[in-house]
Amino acid sequence: MENWREFDREHIWHPYTSMVDPLPVFPVVSAEGVRLTLADGRELIDGMASWWSAIHGYRCPELVAALCHQARTLSHVMFGGITHRPATALAARLVELTPPPLEKVFFSDSGSVAVEVAIKMALQYWQAKGRPARHRLLTIRSGYHGDTFGAMAVCDPVTGMHGLFSGILPKHYFADAPRCGFRDPWDDGDMESFERLLSDHADEIAAVILEPICQGAGGMRFYHPEYLRRVRRLCDAQGVLLILDEIATGFGRTGKLFACEHAGISPDILCLGKALTGGMMTLAATLTTAEVAAGICSKAPGVFMHGPTFMGNPLACAVAAASIDKLLASDWQGRIHHLEKRLDAGLSPLSALSAVKEVRVLGAIGVVEMHQPVDMARIQRQFVDRGVWIRPFGRLVYTMPPYIISDADLETLTRVMGEVVAIQ
Ligand SMILES: *Cc1c(COP(=O)(O)O)cnc(C)c1O
C-alpha cells in the first residue's frame, strides 16, 4: 500500500486517541536491541520497553528462535480438552518462580483479562463458600488495572482514565493511596483509610486488589513495603482475599523478581502479563492457591467459569518460557541495580528545575513528575527529534527501558529527558 500512513490516520484507532483529530503517530519499520527504526531511517533509543514488556530489547535471538521453532511444530490449538508442552513448561516455571503457595495457573491473552479472571476467581470463591454478599472489591487510589469493565471499576476514578463510565461500573471501595514513598520513614497513619474501609465493610468485600510497591499508569508512584505487609495482615485478619496485580512490576522491573518480595508477602491471587513474553507476544496469567482453587470448585457448577479462545497459545507460551530462562540465566538483579544507580544519577539533578515537582527512581523505572501536564504532541516530537522514544502522560515523563540498555544509551536517554523537561 502506497499511502499506509494516511490510511492509518483515516481508519485505525490507536490507544486513547481521537479518530477525528488524531495526534501524529510515528511509523516504525523495524526494531533491534534498544533501537526503533522509523520509516525515514531515523533510529530512536527506546525508553519505554513497549510499555514495560520488551525487557530483553527487540529481535532478541533466543525469543525469535523459540517463536520460529514453536511455529513449525504447533502454533495454536484450542485449550479446551487439549494440553501441550509449551503451556505445561511455562506453568511449571511460573509455579516455581512465584511465591508459595501460588500453584494453580490460568492463562489468558492480555493483562486486563488476567485482572477480570482474578476478580471472577474471588467472586466465585465467596459464592461457593456460601458468602455471596462478599462481592465488592477494596483497592487504593492512583491504581491502574486495565481497560475492560471489571478492571476499569478498580482503576483510580480520577487518574485511571475511566471516569466517564463511573455511573455504570460496579461500585467498589477506594482507600487513600499510600503516602509513604518506598524509601521514606514508615508512618502508621498511612494505613488509616484502608484499615477503616476494610473493617467497616469486611462482610461485603471479596478481595483487596492492588499493584504492589509500584503504581503504574495511575500515577507512577512507589510506596512503602510496610504498607503491603499491613495490607496482607489486615486481609488475613478479616479473611479477605488479596489480589496482587504484578502485570507491570513482574519479572524484575523493581529490583525483585516480583515486587511483593520487597515486603516478603504473597497474595492469594497474582496477575502477570506485559514482560511475561519479553514483549514478543501477548500473554497473561492469573495464579492462585490450592485453597482458593478448591473453594471455587467445591460447589456447583464445580468449575471456574472462564475460557478464552486463545488460552495457552503455544507460540506465546514458548516465547515466555524462553524469556524467563534468558532472564534467570543473566545477572538480572545486578543489572537492575546498575540501571537504578544510572537512572538516579541521570534524573535526580532534574528536581532542581522549576517545572519539576519530583524525581523518583526504583529499579529500572525513572519518573520525572512535572507541576503541569505536558503537551503530548509537542513533547513527543521533541523527544523524537532528539533520537529518543519516551511517551509521557499527564504530568509524568518517565522511562522503563529494556534491561539490556548500554550505559551510553541510558546516558543519552536521561540527558534528553533533562533537555526536554527543561523546555516545557
Ligand atoms: C498494563 C496493565 C494492565 C492491563 O494490561 P493490558 O495487557 O494492557 O490489558 C493491568 N494492570 C497493570 C498494573 C498494568 O500495568
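Of note:
- Residue check, Arg229 charged (D, E, K, R) and buried (at least 20 other Cβ atoms within 10 Å of the Cβ): no
- Scanning the range 233-265 for residues that are open to solvent by 10 Å² or more (accessible area, probe 1.4 Å), out of contact with any helix residue (DSSP H, G or I) (no Cβ under 6 Å at 6 or more places or on another chain) and part of a loop (DSSP other than H, G, I, E, B) yields a total of 3.
- Only one of the listed residues (Gly167, Gly143, Gly150) is surrounded by 15 or more Cβ atoms within 10 Å (Cβ to Cβ) and farther than 19 Å from Gly394 by Cβ. That residue is Gly150.
- Test: residue in the range 397-408 that is outside the structural domain of Gly255 (by TED's automatic domain parsing), more than 27 Å from Ser142 (Cβ to Cβ), touching a residue at least 60 places away in the same chain (Cβ under 8 Å) and surrounded by 20 or more Cβ atoms within 10 Å (Cβ to Cβ): yes
- Some residue of the range 268-276 being closer than 26 Å to Ile324 by Cα and either open to solvent by 50 Å² or more (accessible area, probe 1.4 Å) or more than 16 Å from the ligand (Cβ to nearest atom) (or both): yes
- The set of residues in the range 31-72 being hydroxyl-bearing (Ser, Thr, Tyr) and either free of Cβ contacts under 8 Å to residues at least 24 places away in the same chain or in contact with a Cys (Cβ under 8 Å, 6 or more places away or on another chain) (or both) consists of Thr37 alone.
- All positions within the range 108-120 that are part of a helix (DSSP H, G or I) and open to solvent by 10 Å² or more (accessible area, probe 1.4 Å): Gly111, Ser112, Val113, Glu116, Ile119, Lys120
- Identity of the residue in the range 120-153, hydrophobic (A, V, I, L, M, F, W, C) and free of Cβ contacts under 8 Å to residues at least 60 places away in the same chain, that ends up nearest to the ligand (Cβ to nearest atom): Ala151
The values are calculated or read from the model by the stated rules, or taken from the named source; none is laboratory data. Values in this document were obtained by computation on a predicted structure and should not be read as measured data. So basically every Cβ, Gly included, is an ideal-geometry build from the backbone, and we count neighbours across all protein chains shown. We work out accessible area using only protein heavy atoms, side chains counted, and drop any ligands, DNA or RNA first. Shrake-Rupley method; radii C 1.70, N 1.55, O 1.52, S 1.80 Å.
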